[in-house]
Amino acid sequence: MQKQELVVILDFGGQYNQLIARRVRECNVYCEIKPYTTPLEEIKALHPKGIIFTGGPNSVFDMSSPHYTKEILEIGVPILGICYGCQLIAWMGDGEVKTAPVSEYGKIELQVTDPASALFRDVPETSIVWMSHTDYIATPPEGYQIVGKTNDCPCAAMQNTEKKIYAVQFHPEVTHSEYGKQILRNFLYEVCACSGDWVMDNFIENTVAALREKIGDKKVILGLSGGVDSSVAAGLLSRAVGKQLTCVFVDQGLMRKDEGDFVEQTFTTMFDMNFVRVNCGELFMSKLKGVTDPEEKRKIIGTEFYKVFWNEIRGQAEDGFFAQGTIYPDRIESGKGKSDGKANTAVIKTHHNMAKMPDDIQFLGVIEPLGDLFKDEVREVGEKLGIPHELVWRQPFPGPGLGVRIIGEITAEKVKILQEADWVLRDEMSKNGYESQLSQFFCVLPGVNTVGVMGDHRTYDNLVAIRAVTTDDFMTADWAKIPYDILAKVSNRITNEVEHINRVVYDITSKPPGTVEWE
């Protein structure tokens, strides 16, 4: 497969590492994130057009913090340091980094002191950038020129044009930095001389060719969840090998209303493949009986999903490949951790797509056709493959489905109630043209009963909560300001059309402190 130009993003534990990568790819330049423990020789062997150092929560003068060999500044590859990465370049070049007299957080006005800098081409001399730092560069290294400052940060940007090394104290990757994308684009095109050969048409053509070469005349089995990722993976594989592909759709009874039927209809009418649907809702309900802990629910749903899947394909593996809808964020090895490179992160939620293959099932290999793509790129590929818009732009949906939108024990009755309420919400958002303005919206059944009055009768029935957010990257999110008249219509319809619901509430919590999902 033809290899694209590559920019390496060296991750020093910054929370925005994936966002940096997405911004680079939006500029049509392929990039990969590598942990800061990646040896220099490995990076050099990749022949990158440029290298970006991410931010991070540490102080460079603390020797237990993530560092890197100073030799990287001498290999002749353009480098851009961001926040901690900026300070690291100063530290490696024997500049002086200190605790700042005044920390900067949030929106700050940047003053470009050298408009001729390649980094600031087509960027105004003053603009708003996003700062988040407690340390600062007191003295730049020898050979470096200050090209940007703020009122409290004397070195907000610096450059060494001879070595093609640039550094900014702010975060150009976040939307709050007004000209951040332009600054990144300038680095990629003006400094690294990238041509911009990362486009989805080329990706589809190259990937289909590579799949045909790898698979040959063998079979492929894909676990199809009906989500965006597995659906687009199925579309690519179908285009590559047609009837050699078998998609196994495990319907665990926890999908949204009519979604299983929609998935089956889509893939049996639009694609050249073998489609197998396994209906096992009753099995999942029996396994989840009495379980209330959210992590335990996730594990049960994930474990049972794969048990059903393995049982369905057992005996078909030896002569074929196993395909997954894994995407790039699932594969990234984070730079977060201790200075010895060992991970130091806590498990917040179990990802149900990670499961050990039984010893008696031995495929020829694993195929992950979307393994290099971010979600927005996956959607773009899906549209170009002709997959229906409503599937490509399907609302984000957790792997355990409605199982984590029902707080407490999951029962068939609760699933039915939540499906109906969620369908009303989605129907109203679509009718009012509000669907496209929201990043994610759904209903939650909190397991709370409230007193109500319906007709002349007192009721004591379920409360349902509506959650809707707007976000650019899902790292932070604002609760959506849906007009009151639309919310009133949704509430009225749910309480009138859905049995066993007598109250509707709206979640107005942003992320942080809340998360998007409730469990």
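Laboratory data are not the source of any read-out in this text; all were calculated from the coordinates shown. All figures in this text were calculated on a predicted structure; none of them were measured in a lab. Note that each Cβ is placed from the backbone with ideal geometry, even for glycine, and that neighbours are counted across all protein chains shown.
Here are the numbers for the structure shown:
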item	result
Length added when fully stretched, residue 195-residue 61, from 0.36 nm per residue minus Cα-Cα	44.5 nm
Signed unit charges on C-beta, dipole axis of the chain, positive-most listed residue 73, 367, 127	367
For segment 360-415 versus segment 420-462, the gap between their alpha-carbon centres in whole angstrom	24 Å
Ranked list, fewest to most other Cβ atoms within 10 Å of each Cβ, for 314, 22	314, 22
Percent of beta bridges antiparallel (DSSP, segment 405-506, rounded to nearest 5)	70 percent
Antiparallel bridges, percent of DSSP beta bridges restricted to segment 7-191 (to nearest 5)	55 percent
Rounded, prolate or oblate (a/c below 1.5 giving rounded, otherwise prolate when a/b exceeds b/c) for segment 7-191 by Cα gyration tensor	rounded
Cβ-Cβ FRET estimate between residue 430 and residue 499, R0 fixed at 25 Å, reported to 0.05	0.65
Potential extension, residue 205-residue 217 segment - 0.36 nm per residue separation minus Cα distance	2.4 nm
43 Å tail of the calculated P(r), the chain, as % of Cα pairs	27 percent
Percent of Cα pairs exceeding the 20 Å cut-off, where the set is segment 405-506	39 percent
Cα-centre dipole for segment 362-475 with unit charges at Cβ (Lys and Arg positive, Asp and Glu negative), debye to 20	300 debye
Fewest-first sequence of 263, 102 by Cβ atoms within 10 Å of each Cβ	102, 263
Likely footprinting exposure, 405, 426, fewest C-beta neighbours within 10 Å first	426, 405
Cα lying deepest toward the dipole's positive end in the chain, options 483, 54, 398, charges on Cβ	398
Estimated FRET transfer efficiency (residue 456, residue 296; beta-carbon r; R0 30 Å; 0.05)	0.10
Counting DSSP beta bridges with both ends in the chain, the antiparallel % (nearest 5)	45 percent
Between 0 and 90°, nearest 10: helix 375-384 axis offset from the chain longest Cα axis	70 degrees
Rounded to the nearest 20 debye, dipole of segment 1-143 from Cβ charges on Lys, Arg, Asp, Glu	480 debye
Net charge dipole size for the chain [Lys, Arg +1 and Asp, Glu -1 on Cβ; Debye, nearest 20]	480 debye
Relative contact order, percent, the chain [alpha-carbon distance under 8 Å, six or more residues apart]	12 percent
Of 375/481; 299/375; 287/307; 218/299; 44/70; 181/511, pairs whose Cα-Cα distance is over 22 Å	375/481; 299/375; 218/299; 181/511
